[in-house]
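Bear in mind that the values in this text are calculations on the coordinates, not laboratory data. Note that the structure is a prediction, hence the values are computed from the model and not measured. So basically every Cβ, Gly included, is an ideal-geometry build from the backbone, and we count neighbours across all protein chains shown.
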Amino acid sequence: MKKLLISALALTVSFGAMAQSKEELKAIKEQQKVIATILKDAEKLSKVAEDAMGQVDQSKTPDFAGAQAKIAEALANPQAKTMLGDINRVAADIEYNVMRFNTAGAGAGDQAALKSYLDACGAGYKYYQAAWDAYAVPDEKGKVNTKYNEKMAANAANLFLFSSGLYNSGLICFQAEEWEKAAEYWTLAGDAVESPMIAAATAKNPLLAANIEEFKNDSARFQSKLYAASCYNKVDHNKCIEAYKNLLKENRQLEAVYSGIISEYAELKDTTNMINWLNEGIKALPGYSVFTNSLFYIYLDRQDYDGAIASLKKSLESTPDNVGAMVLIARLYTQQGKHSDAAPYYQKAISLDAENLDANLYYGLNYLAEMEAGESEMLKNHAREAEMDKFSNEKLDAALPYLRKAYQLDANHENNDIPTLLMQVLYRKFQPSNAQNKAALIQEYNEVADAYGRPQYNR
């Protein structure tokens, strides 16, 4: 008896579940009918009137805004996810009609019409792609809906061609500072060459086939994706970073790609990732000094001199003749008071590029810094004046040719470190009463002062 009761109870529960499922199914069907009605209304509102010759009748403006509002209403329906193919297809058809209606105005140079035309090309293509993808998902019976494929592919192909591969759709939104839309359209432009929808259209559209083939091999495809990544900067830094990272596999315009990633981490104030990606950039582009210099200044700001030097030396492994890196290493050694460590790097830099202003300027500074440190130490040790003078003059004489060279190289007199250092050396040389070539040194001092707008020495 107990077993019978349990079985009966189980049967009741089972039937209850079935009844509930039927109710749910009925509710779903009802909402799907609601969506279907909304979509029919949207199609009616967006229908473009034509004259006897099949041309768009400009005297009758469809209610495009109303149709687009209907699409928003359909998407807000709880069962929208079960009809994404239909919703996106009708949304695409609406944008296709917007494009058709604005074709004449766009061709005549009407900027508002051109904006609507190109925006509709981008939006319409986006919706057709979304519809194509939704229809490609098998239903509960394992069937794929291909009923609308031919028309969708043909219309999407036209939208792609009419907007110059969606490039102009992205551009018009970029100019309007509609960053996310611009990024969407440019991303779609880059992805179109791999789209099954476009592939289906090329078989019946030789012009499209030729354009797609050209787009595959042209820089325009990559450029579109690069532009898309840059637009995300205005929307979402993390999304922007991912877009740039995805472009690394293309192995094109690496300077721009790595710079994009690094800039985004800079805006996020993520110094750790900045340093990591600067190092990655240096590995990939060893001759690109911008990354090396940026890394140098980060380390300098953090006063991590050893890290800066290690990074620069690493770059020299792949570019042993990188004068800029040599000078930066030398400057870091100078700043730490390691003058003897700095000297070989200055010498090597000048041997490779005798006309390098920074190498000459800072090599002169290295001698002066070494002089000041030595003088300070000699004072502590109560060295004789004659001994100190001899030491100081040796360093002044060593610094002078390099500072003079830097002065010659600074033709426009823009570097204010040059007069400060050169005039200091000249003053120290002519200041003693027994100085040799005193008049010539004073004259040179005043020439430098005059060139940089500094006060002259009055005897």
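What the table below lists for this structure:
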quantity: Euclidean distance of C-alpha centroids, segment 392-459 and segment 224-300, integer Å; calculated: 43 Å
quantity: Rough spin-label spacing in nm, given labels placed 7 Å along Cα→Cβ, for L207 and A136; calculated: 2.6 nm
quantity: Candidates per GluC sites (Glu not before Pro) in segment 128-186, loop by DSSP, up to 11 other Cβ within 10 Å; calculated: E140, E177
quantity: Low-density loop positions, GluC sites (Glu not before Pro), segment 376-459 - DSSP coil, at most 14 other Cβ in 10 Å; calculated: E414
quantity: Sparsely packed trypsin sites (Lys or Arg not before Pro) within segment 257-308, loop by DSSP, other Cβ within 10 Å at most 14; calculated: K269, R302
quantity: Environment charge at A130 (Cβ cut-off 14 Å; Lys +1, Arg +1, Asp -1, Glu -1); calculated: -3
quantity: Computed helical MRE - 222 nm, the chain, DSSP H runs ≥ 4 contributing -39500 (n - 2.57), nearest 500; calculated: -25000 deg cm²/dmol
quantity: Likely footprinting exposure, T420, T272, fewest C-beta neighbours within 10 Å first; calculated: T272, T420
quantity: On Cα atoms only, tilt of 111-135 relative to the major axis of the chain in degrees; calculated: 70 degrees
quantity: Under 14 Å, Cβ to Cβ, from N356 - net charge with Lys/Arg +1 and Asp/Glu -1; calculated: -2
quantity: Paired Rg and Dmax values of segment 342-459, which use every Cα atom, in angstrom; calculated: 14.9, 44
quantity: Ascending count of other beta-carbon atoms within 10 Å, so fewest first, for M378, M371, M53, M326; calculated: M53, M378, M371, M326
quantity: Between helix 438-451 and the chain: long-axis angle, C-alpha atoms, 0 to 90°, nearest 10; calculated: 20 degrees
quantity: For F174, net neighbour charge (Lys/Arg +1, Asp/Glu -1) across residues whose Cβ lies under 12 Å away; calculated: -2
quantity: Kirkwood Rh in Å, taken over all unlike Cα pairs in the chain; calculated: 28.9 Å
